[in-house]
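Below you'll find the structure, written out as structure tokens, and then a few comments.
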Amino acid sequence: MGVFASTDDPGSTGHEQVVFCQDKQSGLKAIIGIYSTALGPALGGTRFYPYDSEDDALADVLDLSRGMAYKNALAGLDLGGGKAVIWGDPEQIKSEALLRAYGRFVESLAGRYYTACDVGTYVADMDIIARETRYVTGRSVEHGGAGDSSILTAWGVFQGMRAAAEHVWGAPSLRGRRVGVAGLGKVGKYLTGHLLEDGAEVVATDVNPKALAWVRANHPQVTLVDDATALVAADIDVYAPCALGGALNDDSVPALRAKVVTGAANNQLAHPGIEKLLADRGILYTPDYVVNAGGVIQVADEIEGFNFERAKLRATRIYDTTREILHLADAEGVPPAVAADRLAERRMAEVGRLRTIHLR
Ligand SMILES: NC(=O)c1ccc[n+]([C@@H]2O[C@H](COP(=O)([O-])OP(=O)(O)OC[C@H]3O[C@@H](n4cnc5c(N)ncnc54)[C@H](O)[C@@H]3O)[C@@H](O)[C@H]2O)c1
């Protein structure tokens, strides 16, 4: 895979900067990918994962950092897109020294890249990284951080779902609709609360008995089904994948009875052809990276000094962005994900261009 953009090599990615970092004593091997700083410093989490090879780690960081540029642009943030990976098993090698060594490499980029939590890294890790660098978000509340990002992730998903409901049924409300929530974890639980408050009926599932017990105790009106397969086949209006990626695949989409899919899970489409399958079946899919941006909006707010109400206001705008994307998709006859990419690219070009106006 090439990093430098080339018209001869369609596999090249066009990143601004890719940094390899190593600290032999602590065992740190990290790659920081900065896709774009057109809108501001690149923001994206650090994934700590035991990749099979360095090539796999590089491919993941290039892919994820590009995705963050689009997500942050659509979230209306003055932030570019970046991401980092630490190559190794966090259970085996994560230590204070390793995290602080990583923090020093983040600091060395002098604010071109801000990090945050991702798979394998947690709020407590960000607090340790913050001892070496100012350029870290997702810290604990005690350390000036935004705390649990799933609160605004769920709020943003709910806003995206309201926009989809308006597009399909004419009113921005889930009142009287049956919504199927797959995954009652941090986001799924909050989302269920918003849906019930809005007057929706919720059908849900989870593989974790503790999550099911929580819902039985807190929202006894929720109907629980055995698994995601049963949920997909249930008589629901909206399907909300809030567990793992790949929920929309060659098996689930043909069986789906819902007219709308809006959920928090990352990478919901198992492969690119799935979006056409959804469109052919007349199912409206709101791109995951548009509607689940509430979390990044929440942690990004830390850069200004965290203010929950301001961050919530920004996450509420996911309703407007989703609406705009769905209208653009209709107007240009393209799937919502293509419309979303066009909107993100337009913002990066239009706002990024303003840097050419010289200021002292
Ligand atoms: N937390 C955030 O701020 C945030 C932000 C953006 C995207 N996301 C994405 O949203 C999704 C949910 O995140 P979360 O923070 O709630 O995670 P979580 O781990 O708290 O919850 C996931 C839940 O899904 C359940 N689950 C796993 N496999 C399942 C299956 N096959 N069927 C049904 N349930 C299953 C788990 O038991 C768990 O309760 C993830 O894909 C995550 O990447 C989260």
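The values are calculated or read from the model by the stated rules, or taken from the named source; none is laboratory data. Just so it is clear, the structure is predicted and the values come from calculations on it, not from any experiment. Every residue, glycine among them, receives a Cβ derived from its backbone with ideal geometry; neighbour counts consider all protein chains shown.
Points to keep in mind about this one:
- Residue ranges of helices (runs of 4 or more DSSP H) in the range 217-321 with at least 2 members farther than 16 Å from Ala340 by Cβ and within 13 Å of the ligand (Cβ to nearest atom): 228-233, 294-300, 308-316
- Residues of the range 120-137 that are outside any helix (DSSP H, G or I), modelled with pLDDT of 95 or more and within 21 Å of the chain's Cα centre (by Cα): Tyr135, Val136, Thr137.
- Which listed residue is surrounded by fewer than 21 Cβ atoms within 10 Å (Cβ to Cβ), touching a His at 6+ places or on another chain (Cβ under 7 Å) and not aromatic (Phe, Trp, Tyr), from Asp198, Asp127, Asp148: Asp127
- Among (1) among the polar types (S, T, N, Q); (2) at pLDDT 95 or above; (3) more than 23 Å from the chain's Cα centre (by Cα) - the single one Thr115 does not satisfy: (3)
- Qualifying residue in the range 84-94 (condition: more than 16 Å from the ligand (Cβ to nearest atom), in a loop (DSSP other than H, G, I, E, B) and on the phi > 0 side of the Ramachandran plot): yes
- Residue match in the range 98-110 (condition: under 26 Å from Arg353 (Cα atoms), among the small types (Gly, Ala, Ser) and not in a helix (DSSP H, G or I)): yes
- Number of positions in the range 162-188 that are away from the ligand (no atom under 14 Å from the Cβ) and of a type outside the set (Lys, Arg): 14
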